[in-house]
Amino acid sequence: MSGRSVTDESLSPARFRQAMGRLVDGVSVLTTVTAGHDHAMTADTLTSVSLEPLLVLVCVEYETRWHDAVIDAGVFGASVLAADQRPLSEWFATRGRPLHGQLDRAPHHRGELTGVALLDGALMHLECRTTAVHAAGDHAIVVAEVLSISLPDTVGPALVHFRGRYGSIA
């Protein structure tokens, strides 16, 4: 350690975002359905939590439509994106996109257990049931039990996010 004291400037949200941007994250699209409407969002916070039971977590900003929808539905799907699915990631990350028809440009099928949309061509799919929601600043940590796992036979390069940019890794 250099012995340098921490200043407010070194702990700014912008600096924190810059620091966390140096962590390579996989890119997923999270989906849920409530009151007959599909909701989707791009996320880079899909994380395994436990093997016994099988648990994952996602972090969701309170102000998103997806937050309210997943709390209401209690289930969600996760589609981990392949490198060629970047346009879908960008679309589902677009704030203010129309709710109705937002999945029209995304080939998908329905999960057998939850009915949520799962994107075709993804590297894997999970269907999940929410087991806990924890307040965490301006986000909620949604913990969920994995109900089903779908793994395609062939897997291409993954879409990743690093230093604010998209990339891929094989």
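Remarks
- Taken over the stretch 61-91, residues that are among the hydroxyl-bearing types (Ser, Thr, Tyr) and in a helix (DSSP H, G or I) amount to 1.
- Output for the stretch 8-41, where each listed residue is in contact with a helix residue (DSSP H, G or I) (Cβ under 7 Å, 6 or more places away or on another chain) and open to solvent by 30 Å² or more (accessible area, probe 1.4 Å): Val33
- When restricted to residues that are open to solvent by 20 Å² or more (accessible area, probe 1.4 Å) and closer than 16 Å to Val27 by Cα, the stretch 124-142 contains 1.
- Among residues of the stretch 44-88, those that are under 13 Å from the mean Cα position of the chain (by Cα), of a type in the set (Gly, Ala, Ser) and crowded, with 20+ Cβ neighbours inside 10 Å, counted: 3
- Count of residues meeting criterion [of a type in the set (S, T, N, Q) and either more than 19 Å from Glu127 (Cβ to Cβ) or touching a Cys at 6+ places or on another chain (Cβ under 6 Å) (or both)] in the stretch 55-84: 1
- Residues in the stretch 119-131 that are among the aliphatic types (A, V, I, L, M) and closer than 15 Å to Leu46 by Cα: Ala122, Leu123, Met124, Leu126.
- Restricting attention to the stretch 143-168, the residues that are open to solvent by 60 Å² or more (accessible area, probe 1.4 Å) and under 15 Å from Ala43 (Cβ atoms) add up to 1.
- In the stretch 35-60, the qualifying residues are those that are outside any strand (DSSP E or B) and among the charged types (D, E, K, R), and the one that is modelled with the highest pLDDT is Glu52.
- Scan of the stretch 92-123 for residues that are hydrophobic (A, V, I, L, M, F, W, C) and either open to solvent by less than 40 Å² (accessible area, probe 1.4 Å) or within 13 Å of Asp38 (Cα to Cα) (or both), ordered by number: Phe92, Leu99, Leu103, Ala106, Val116, Ala117, Leu118, Leu119, Ala122, Leu123
- Contacts under 6 angstrom Cβ, first residue in the stretch 13-25 being among the small types (Gly, Ala, Ser), partner modelled with pLDDT of 80 or more and open to solvent by less than 90 Å² (accessible area, probe 1.4 Å), 6 or more apart: Gly21/Gly164
The values are calculated or read from the model by the stated rules, or taken from the named source; none is laboratory data. None of these values were measured; they are calculated from a predicted model. Cβ atoms come from the backbone with ideal geometry, glycine included; neighbour counts cover every protein chain shown. Heavy atoms of the whole protein, side chains included, go into the accessibility calculation; ligands, DNA and RNA do not. Shrake-Rupley method; radii C 1.70, N 1.55, O 1.52, S 1.80 Å.
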